[in-house]
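The values are calculated or read from the model by the stated rules, or taken from the named source; none is laboratory data. The structure displayed is predicted, hence computed values, not measured ones. Positions of Cβ are generated from backbone atoms using ideal geometry, with glycine treated the same way; all protein chains shown enter the neighbour counts. Remember, those area values only see protein heavy atoms, side chains included, never the ligands or the DNA or RNA. Shrake-Rupley method; radii C 1.70, N 1.55, O 1.52, S 1.80 Å.
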Amino acid sequence: MSSVALELSDVKKSYGQKAAINRLSFAVRPGECFGLLGPNGAGKSTIARMILGMVRPDAGKITVLGEPVPARARLARMRIGVVPQFDNLEPEFTVRENLLVFGRYFGMSERKIKAVAPELLDFARLEGKADARVRELSGGMKRRLTLARALINDPDLLVMDEPTTGLDPHARHLIWERLRVLLARGKTILLATHFMEEAERLCDRLCVLEYGRKIAEGEPHILIEREIGCDVVEIYGGDPQELCALIRPHARRVEISGETLFCYAPHPDQVSAKLHGRPGLRLLQRPPNLEDVFLRLTGREMEDA
Ligand code: ADP
Ligand code: MG
C-alpha cells in the first residue's frame with residue numbers, strides 16, 4: 001500500500017474575496033486517524049468537500065487513495081465512506097431502505113446490500129432497528145446509521161465531518177468506541193471536529209486550523225507538551241485582572257478568557273498557596289489539553305470562537 005492515503009499540497013480556496021482555505025498542506029498515512037481541529041468557520045467542511053471532489057480548489061494539488069482529485073474524484077469516492085456534517089438520511093424511509101438506496105449508489109445489487117446490512121446494523125448498534133423509520137430514531141441512532149451507511153462499500157478511507165456534534169455524552173462515547181474499532185480494522189479516518197476532547201482521544205495526528213490556515217500540526221500529546229508542558233490551574237470567581245497580578249510570579253504564563261484565569265504553572269501548589277483563604281474563589285488543577293494549545297496559539301477559546 002502507498003505510504004500516503006490522502007495528501008493536500010498548497011491548496012487554496014476562496015469564496016469571493018474571502019479565503020476559506022489558505023495554502024494548506026498535510027498528508028494522512030494509511031491506517032491513521034488524522035484530525036482537522038478548528039472552530040466554526042475554520043474551513044473543515046470545505047476541506048472535506050474538496051477531498052470528495054464536491055468543491056474545486058482554486059490552486060494546489062489533492063490526491064486521495066492515489067487518485068488526483070477532483071479529476072478522478074468519482075473513482076476515489078468508490079473507496080471512501082462519508083459522514084457529512086449534517087445528516088442527509090431519508091426520514092420517511094426505514095433504516096434498511098436507507099441502506100438500500102445508498103448501496104445502489106455504489107452499484108451494489110439488492111441481494112448484496114441485504115446480505116451486508118445485518119452486519120452493518122450490528123456494528124452501528126442498531127440491531128432490531130432495520131424496520132424503524134429514520135424520523136423515529138434518536139440523534140445518536142441517526143448518526144450511527146449514517147456511519148453504517150458510510151461503511152456499505154467497505155471503504156479504505158472515512159471522511160467524517162463533526163460526527164458527534166449535537167449528541168449527548170453517552171451517544172458521543174458510543175461513536176468514539178465504534179471509530180476505535182474501525183481504526184483497529186485498519187481503516188484510515190479523516191476526522192473534522194471542533195471538540196478538543198474528541199481530537200485528543202481519537203487522533204494519531206492532527207492539524208489545528210484557524211481561518212483556513214494551519215496553525216499547528218502533530219501528535220496531540222506532543223503538541224500539548226511542546227506548547228504548554230506543565231499543569232494548568234483554572235481560577236474562577238474573582239477579578240481575573242487582580243488575581244493575574246498576584247499569581248504571575250508563580251506562573252510560566254497566564255491567560256484570561258472571559259471570567260476564567262488560566263494559569264500555566266510548573267509548581268501549581270505555589271499558586272494555590274498564594275490564593276489560599278480568598279473567599280469565593282474556585283481553583284481547578286488539571287493536566288494541559290488541546291484547548292490550552294488553541295488558546296495559546298490564537299488567544300481565544302475554541303468552543304466560543
Ligand atoms: P467549518 O466547517 O470549519 O465550520 P467551513 O468550511 O464550513 O468551516 O467554512 C469556512 C469558511 O468558508 C467560512 O468563512 C464560511 O463562511 C465560508 N464558506 C463555506 N462555504 C461557503 C459557500 N458555499 N459560499 C460562501 N462562503 C462559504
Ligand atoms: Mg463544518
Next on the checklist: Can you classify segment 194-305 as rounded, prolate or oblate using the Cα gyration tensor, where a ≥ b ≥ c are the square roots of its eigenvalues, rounded means a/c under 1.5, and otherwise it's prolate if a/b beats b/c and oblate if not?
Outcome noted: prolate
Checklist outcome for this item: In nm², the average projected area of the convex hull spanned by the Cα atoms of segment 230-287 is 3.3
Item to check | Count of Lys pairs (Cα-Cα under 15 Å; at least 8 positions apart or interchain) in the chain | outcome: 9
Next on the checklist: With θ taken as phi - 60° and the coefficients 6.51, -1.76 and 1.60, list the Karplus ³J(HN,Hα) couplings across segment 208-222 in order, rounded to whole Hz; mark glycine and proline as x.
Outcome noted: 8, 10, 9, 6, x, 10, 7, 10, 6, 8, x, 6, x, 5, 6
Next on the checklist: Using alpha carbons only, how many angstrom separate the centre of segment 6-67 from the centre of segment 103-155?
Outcome noted: 28
Next on the checklist: Just to be sure I understand: with springs between alpha-carbon atoms less than 10 Å apart, which residue in E234, E200, E217 has the highest mean-square fluctuation in the Gaussian network model of the chain?
Outcome noted: E234
Item to check | Filtered trypsin sites (Lys or Arg not before Pro), segment 174-249: DSSP coil and at most 14 other beta carbons within 10 Å | outcome: R185
Checklist entry - Using modelled backbone amide H atoms (1.01 Å from N, in-plane), which distant-in-sequence or interchain residues come within less than 5 Å of A216's amide H? => result V208
Item to check | Å² per residue, accessible surface of segment 230-287 at 1.4 Å | outcome: 56
Checklist outcome for this item: Going residue by residue through segment 267-275, the Karplus relation 6.51 cos²θ - 1.76 cosθ + 1.60 with θ = phi - 60° gives ³J(HN,Hα) values, rounded to whole Hz and with x marking Gly or Pro, of 10, x, 4, 5, 5, 5, 4, 4, 9
Item to check | the chain - convex hull of the alpha-carbon atoms, volume per residue in Å³ | outcome: 153
Next on the checklist: With angles folded into 0 to 90 degrees, how steeply does helix 169-184 sit against the dominant principal axis of the chain? Use alpha carbons for both and round to 10.
Outcome noted: 60
Checklist entry - R0 = 51 Å: FRET efficiency of R23 with E127, Cβ-based, nearest 0.05? => result 0.65
Item to check | Rounded to 5, percent antiparallel among DSSP beta bridges of the chain | outcome: 65
Next on the checklist: Taking θ = phi - 60°, what integer Hz values does the Karplus form 6.51 cos²θ - 1.76 cosθ + 1.60 yield along segment 66-76, in sequence order, with x for Gly and Pro?
Outcome noted: x, 9, x, 10, x, 3, 10, 4, 4, 5, 4
Checklist entry - What is the set of long-range amide H partners of S257 at a cut-off below 5 Å, with H atoms built 1.01 Å from backbone N? => result F262
Checklist outcome for this item: Per residue, accessible area of segment 105-148 with a 1.4 Å probe, heavy atoms of protein chains only, in Å², comes to 54
Item to check | For segment 1-147: Kirkwood Rh in Å [reciprocal of mean 1/r, alpha carbons] | outcome: 17.1
Checklist outcome for this item: Of all GluC sites (Glu not before Pro) in segment 14-106, the ones in DSSP coil with at most 13 other Cβ atoms within 10 Å are E92
Checklist entry - Any idea what angle helix 95-105 forms with the longest principal axis of the chain, computed on alpha-carbon atoms, 0 to 90 degrees, nearest 10? => result 70
Checklist entry - Mind listing the Cα extents of segment 23-74 along all three principal axes, in Å, largest one first? => result 30, 27, 19
Checklist entry - segment 57-124: which chymotrypsin sites (Phe, Trp or Tyr not before Pro) are DSSP loop and have at most 13 other beta-carbon atoms within 10 angstrom? => result F86
